Amino acid sequence: MHGDVVRIGIIGLGQVSADHVAGYRALAGEAEITAVCDTDPAALLPVAADLGVAGHLDHRELLAREDVDAVVVLLPHLLHGPVVRDALAAGKHVTVEKPLAATAAEGEELAALATELGLVLSVSENSRFVESYMQVAELIARGGPGPVRLVRGLIHGSAVPEYRDDTALWKRQEHGFAAILDAATHFFYVLAWMFGPVAAVQAVTRHWAAGHLPGVEVEDGAIVTGTLECGAFFSIEVGLALELPWGERFEVYGDRASILCDQLRDPPVIIHQGAHDPGVPLAGVPAEPRTWRASSMARGAADFVRALRDGRAPSVDTGHAVHAVRVAEAAYRSVRAGGAVQTV
């Protein structure tokens with residue numbers, strides 16, 4: 001690092017990159033973006049000019065720079081593994097947009113390589129930094145809801161404009177903007193973080209977009225249900241062709257209390273102390289219906305940078321990120337098997 005400042009290179013300047021760039025720009029005195037990369041000049045040049053930094057069309061050129069300490073990889077899922085591997089081989093610390101890799105085996109390989117080289121490998125999993133989820137995690141760690149019976153999650157929004165975007169064809173294709181691999185992995189990570197590993201899953205998918213938009217191969221809807229190793233049940237539903245703002249609903253039902261989180265509601269968290277309690281808000285959780293995703297990404301950027309500066313592990317557990325991909329793989333096996341239960 002240059003003094004205490006972490007010098008950041010960003011690889012991939014697609015739609016998701018704007019919030020990441022904003023998060024690192026906000027860390028004045030802690031981090032500095034020194035280079036950016038994208039294979040599309042139309043995406044690359046405006047961002048490089050706005051930041052006043054070098055722009056590269058080839059990620060290997062960026063990785064060769066001495067003024068880059070760490071890279072943020074924001075690429076199509078199938079490119080995560082190869083580019084992260086290149087970055088680690090170049091001696092750079094890495095955080096990569098979820099999923100960590102297209103397969104759990106590849107994710108494990110990358111984690112092992114980072115350990116071997118003494119480098120930090122993290123995942124830009126914004127669910128780890130949603131304020132309501134962080135506070136709910138603390139409640140669960142203290143045993144607030146009691147032994148958990150059921151966890152439910154819902155992710156909703158419209159990916160239709162992205163499926164129609166001819167400049168991002170990968171999103172329509174296998175391993176693209178898919179309900180299970182891209183979206184449900186958020187909650188698979190949350191399950192591992194808060195409750196421990198998933199034991200078994202069943203899954204079904206929906207394909208509205210494939211029947212209404214040209215060239216769409218991925219599922220835009222999914223229901224994944226199953227059991228956790230702790231004994232609780234879970235159910236995750238994803239809808240990517242729903243015409244309303246992007247949002248998430250997360251529910252925890254325990255023996256003593258139930259906790260309901262909804263990122264589009266004010267207050268965002270309600271706690272019910274039993275079946276006859278109308279519920280009270282969880283104090284201190286801000287309502288951020290328009291900014292909750294951007295805010296969580298900014299917290300994630302800050303955590304990655306401060307982990308490097310402080311010499312600690314990032315808050316996102318790479319093992320949990322690998323497990324999330326492993327759950328996705330089991331869910332796809334269940335879909336192919338007509339919804340049959342699959343062990344993780």
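The values are calculated or read from the model by the stated rules, or taken from the named source; none is laboratory data. Being a predicted model, the structure only gives us computed values, none of them experimental. Counting neighbours? That spans all protein chains shown, and the Cβs are built from the backbone with ideal geometry, glycine included. Heavy atoms of the whole protein, side chains included, go into the accessibility calculation; ligands, DNA and RNA do not. Shrake-Rupley method; radii C 1.70, N 1.55, O 1.52, S 1.80 Å.
Residue 260 meets the conditions (1) more than 19 Å from the chain's Cα centre (by Cα); (2) under 21 Å from residue 185 (Cβ atoms) in every case but one. The failed one is (2). Taking the conditions exactly as written (within 18 Å of the chain's Cα centre (by Cα), open to solvent by 20 Å² or more (accessible area, probe 1.4 Å) and not small (Gly, Ala, Ser)), does residue 78 satisfy them or not? Here the answer is yes, as residue 78 does meet what is asked.
For segment 20-48, which positions are open to solvent by 60 Å² or more (accessible area, probe 1.4 Å), among the acidic types (Asp, Glu) and closer than 18 Å to residue 97 by Cβ?
Let us first name the residues in segment 20-48 that are open to solvent by 60 Å² or more (accessible area, probe 1.4 Å), namely 25-26, 28, 32, 39-42, 45-46.
Remaining after also requiring among the acidic types (Asp, Glu): 32, 40.
Once the filter is applied, which keeps residues that are open to solvent by 60 Å² or more (accessible area, probe 1.4 Å), among the acidic types (Asp, Glu) and closer than 18 Å to residue 97 by Cβ, segment 20-48 yields only 40.
Yes or no, residue by residue, for (1) within 17 Å of the chain's Cα centre (by Cα); (2) within 27 Å of residue 277 (Cβ to Cβ):
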| site | (1), (2) |
| --- | --- |
| 149 | no, yes |
| 174 | no, no |
| 180 | yes, no |
| 187 | yes, yes |
| 198 | no, no |
| 206 | no, no |
| 209 | no, no |
| 217 | no, no |
| 225 | no, yes |
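Pairs meeting the criteria (first residue in segment 202-222 and free of Cβ contacts under 8 Å to residues at least 24 places away in the same chain, second residue in a strand (DSSP E or B) and open to solvent by 60 Å² or more (accessible area, probe 1.4 Å), beta carbons under 7 Å, at least 6 apart or on different chains) are lacking. Somewhere in segment 255-272, is a residue in contact (Cβ under 8 Å) with a residue 60 or more places away in the chain and of a type in the set (Gly, Ala, Ser)? Yes; the residues of segment 255-272 include at least one that is in contact (Cβ under 8 Å) with a residue 60 or more places away in the chain and of a type in the set (Gly, Ala, Ser). Here residue 65 fulfils each of the conditions (1) open to solvent by less than 40 Å² (accessible area, probe 1.4 Å); (2) in contact with a strand residue (DSSP E or B) (Cβ under 6 Å, 6 or more places away or on another chain) apart from (1). Scanning segment 89-138 for residues that are of a type outside the set (D, E, K, R) and touching a Pro at 6+ places or on another chain (Cβ under 7 Å) gives 120, 122, 132.
Listed by first and then second residue, the pairs linking a residue in segment 2-18 that is aromatic (Phe, Trp, Tyr) to a residue that is modelled with pLDDT of 95 or more and part of a loop (DSSP other than H, G, I, E, B), with Cβ atoms under 8 Å apart and 6 or more places separating them unless they lie on different chains, form an empty list. Could you grab me the full set of residues in segment 159-192 that are open to solvent by 20 Å² or more (accessible area, probe 1.4 Å) and outside any helix (DSSP H, G or I)? Result: 164, 165, 166, 167, 173, 174, 175, 177. When segment 103-155 is limited to residues that are among the basic types (Lys, Arg) and farther than 30 Å from residue 89 by Cβ, the one that is surrounded by the most Cβ atoms within 10 Å (Cβ to Cβ) turns out to be 152. Looking only at residues in segment 1-39 that are of a type in the set (Asp, Glu) and outside any helix (DSSP H, G or I), the one that is modelled with the lowest pLDDT is 4. Touching a helix residue (DSSP H, G or I) at 6+ places or on another chain (Cβ under 8 Å) and among the basic types (Lys, Arg): does that describe residue 249? Here the answer is no, as residue 249 does not meet what is asked.
Look at segment 51-80: where a residue is within 16 Å of residue 304 (Cβ to Cβ) and a partner is among the charged types (D, E, K, R) and assigned to a loop (DSSP other than H, G, I, E, B), sitting 6+ places away or on another chain with Cβ atoms under 8 Å, you get 68/92; 69/92; 70/92; 71/92. Where helices (runs of 4 or more DSSP H) fall wholly inside segment 40-151, the ranges with 2 or more residues that are closer than 22 Å to residue 293 by Cα and of a type in the set (D, E, K, R) are 131-141.
The rows are residues; the columns are (1) in contact (Cβ under 8 Å) with a residue 12 or more places away in the chain; (2) more than 30 Å from residue 82 (Cβ to Cβ); (3) touching a strand residue (DSSP E or B) at 6+ places or on another chain (Cβ under 8 Å); (4) charged (D, E, K, R).
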| residue | (1), (2), (3), (4) |
| --- | --- |
| 102 | yes, no, no, no |
| 150 | yes, yes, yes, no |
| 160 | yes, no, yes, no |
| 168 | yes, no, no, no |
| 172 | yes, no, no, yes |
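Give the residues of segment 280-326 that are of a type in the set (S, T, N, Q) and farther than 30 Å from residue 344 by Cα, sorted by residue number. Across segment 280-326, the qualifying residues are 291, 295.
Within segment 193-211, is even one residue part of a loop (DSSP other than H, G, I, E, B), open to solvent by 10 Å² or more (accessible area, probe 1.4 Å) and over 19 Å from residue 146 (Cα atoms)? Yes, some residue in segment 193-211 is part of a loop (DSSP other than H, G, I, E, B), open to solvent by 10 Å² or more (accessible area, probe 1.4 Å) and over 19 Å from residue 146 (Cα atoms).
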